[in-house]
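The values are calculated or read from the model by the stated rules, or taken from the named source; none is laboratory data. From a predicted model like this one, the values you see are computed outputs, not experimental measurements. Here the Cβ positions follow ideal geometry from the backbone for every residue, glycine too, while neighbour counts run over all protein chains shown.
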Amino acid sequence: MSSHPPLPLLRTFEAAARHLSFTLAARELHVTQAAVSQQIRQLEAILGVKLFKRMNRALLLTDAGQEYAVPVRQAMHIIGEATRRLDSHQKEGILTISILPSLAARWLVPRIGRFRQLHPDVDLRLHTSFTPVDFERDGVDAAIRLGHWGSPVQKYLHGELLMREFIFPVCAPHLIGGTPPLRRPEDLRFHTLLQDEYIDWNDWFQKVGVTGEFDVHKGPGFFDSAMSLTAAVDGIGIALGRTPLVARDLQVGRLVAPFPLRVAHRHAYRLVCPKGDEDNPKLKVFRGWLIDEIAQWKREISDHPMLSLDALDGADVEDA
């Protein structure tokens, strides 16, 4: 047996062992589940031991697999860290941030000019994506994500809370007094509900206590919140808005909130990076500017009854 199994096989094993799922490993590595299964079989043949127990509805590591996973994970981490350090030396001055497309388009991009004026020596690159970030594969320094924060994520990532948000219906002003008019949430049944891949109308109705017969899944659907809000501005229907994404439109009157009912999102936006990278000088500069920018923005929207985030300060955020 060779003392060094091929690196691609080890990377596949590390992903499968971490997820305990060939399907999730395949998704992370951008290959098919069959390819992952085949590479694991190749590695087991090279090593002469079984690494996984394939159960009916579960995938478990054998004793040998558990023992082997620890040094392989450490080795992959060392390689990744060395690669990142080398890459950072080659890209001195460049800071790459992965961010959700909707938050980039509707909140961060309009503010980039101010960052550039204050920090002309940092070349900011935005990498937009909906998927969980792979810092090594994607070549990004940090990410801004909205979602769960807890084990096992916290084991590998440094995270800092940025802001929370409220969710509430928004529409073009002329729909308020349309036919039929929007006077109470029950009136939404007579209007087109714009579908957002990441926000559920049914969940909003339940949380505000609205009952009745609603076809909550009928209406144009959008994978990106920015697109559903553009459709709302154009009067195509009613969208579920999220505070940072609709703030500017509400302030200038392109959108209105027909009801004073809003639901706090159970998750929060966080700036995350691999543990140990939070001291990256470029990242520290961006983090400081971002925190200041968010604080200023919160002050600007504090007088608007639907936009103020004061009620969320200090509130619990679901981390499970």
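At a glance:
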quantity: Test: residue in region 186-195 that is at pLDDT 95 or above and in a strand (DSSP E or B); calculated: no
quantity: Residue check, G212 crowded, with 19+ Cβ neighbours inside 10 Å and over 20 Å from T128 (Cα atoms); calculated: no
quantity: Unmet criterion (only one of (1) in contact with a helix residue (DSSP H, G or I) (Cβ under 9 Å, 6 or more places away or on another chain); (2) under 23 Å from G288 (Cα atoms); (3) aliphatic (A, V, I, L, M)) for V140; calculated: (1)
quantity: Qualifying position, being without any contact (Cβ under 8 Å) to a residue 12 or more places away in the chain and more than 17 Å from L9 (Cβ to Cβ), among T131, T96, T83; calculated: T131
quantity: Options S129, S151, S102, S98; residue that is at pLDDT 85 or above, hydroxyl-bearing (S, T, Y), surrounded by fewer than 20 Cβ atoms within 10 Å (Cβ to Cβ) and within 20 Å of A268 (Cβ to Cβ); calculated: S129
quantity: Count of region 247-276 residues which are surrounded by fewer than 18 Cβ atoms within 10 Å (Cβ to Cβ), modelled with pLDDT of 90 or more and either within 30 Å of I78 (Cα to Cα) or among the basic types (K, R) (or both); calculated: 2
quantity: Evaluation of R266 against (1) in a helix (DSSP H, G or I); (2) more than 19 Å from R106 (Cβ to Cβ); (3) of a type in the set (K, R) (one fails), failing number; calculated: (1)
quantity: Number of the exception - N56 against (1) in a loop (DSSP other than H, G, I, E, B); (2) within 28 Å of D277 (Cβ to Cβ); (3) more than 28 Å from the chain's Cα centre (by Cα); calculated: (2)
quantity: All positions within region 95-141 that are closer than 23 Å to H19 by Cβ and small (G, A, S); calculated: S98, S129, G139
quantity: Counted residues, region 27-36 - those being surrounded by 17 or more Cβ atoms within 10 Å (Cβ to Cβ) and more than 24 Å from the chain's Cα centre (by Cα); calculated: 1
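Residues are listed down the side, and each one gets a yes or a no for (1) under 21 Å from the mean Cα position of the chain (by Cα); (2) under 25 Å from L194 (Cα atoms):
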| site | (1), (2) |
| --- | --- |
| I236 | no, yes |
| G253 | no, yes |
| R270 | yes, no |
| K275 | yes, no |
| V285 | no, no |
| L290 | yes, no |
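Listed here are the residues, each with its yes/no results for (1) touching a strand residue (DSSP E or B) at 6+ places or on another chain (Cβ under 8 Å); (2) part of a helix (DSSP H, G or I); (3) not charged (D, E, K, R).
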position	(1), (2), (3)
A231	yes, yes, yes
I236	no, no, yes
G241	yes, no, yes
L245	no, yes, yes
R248	no, yes, no
F259	yes, no, yes
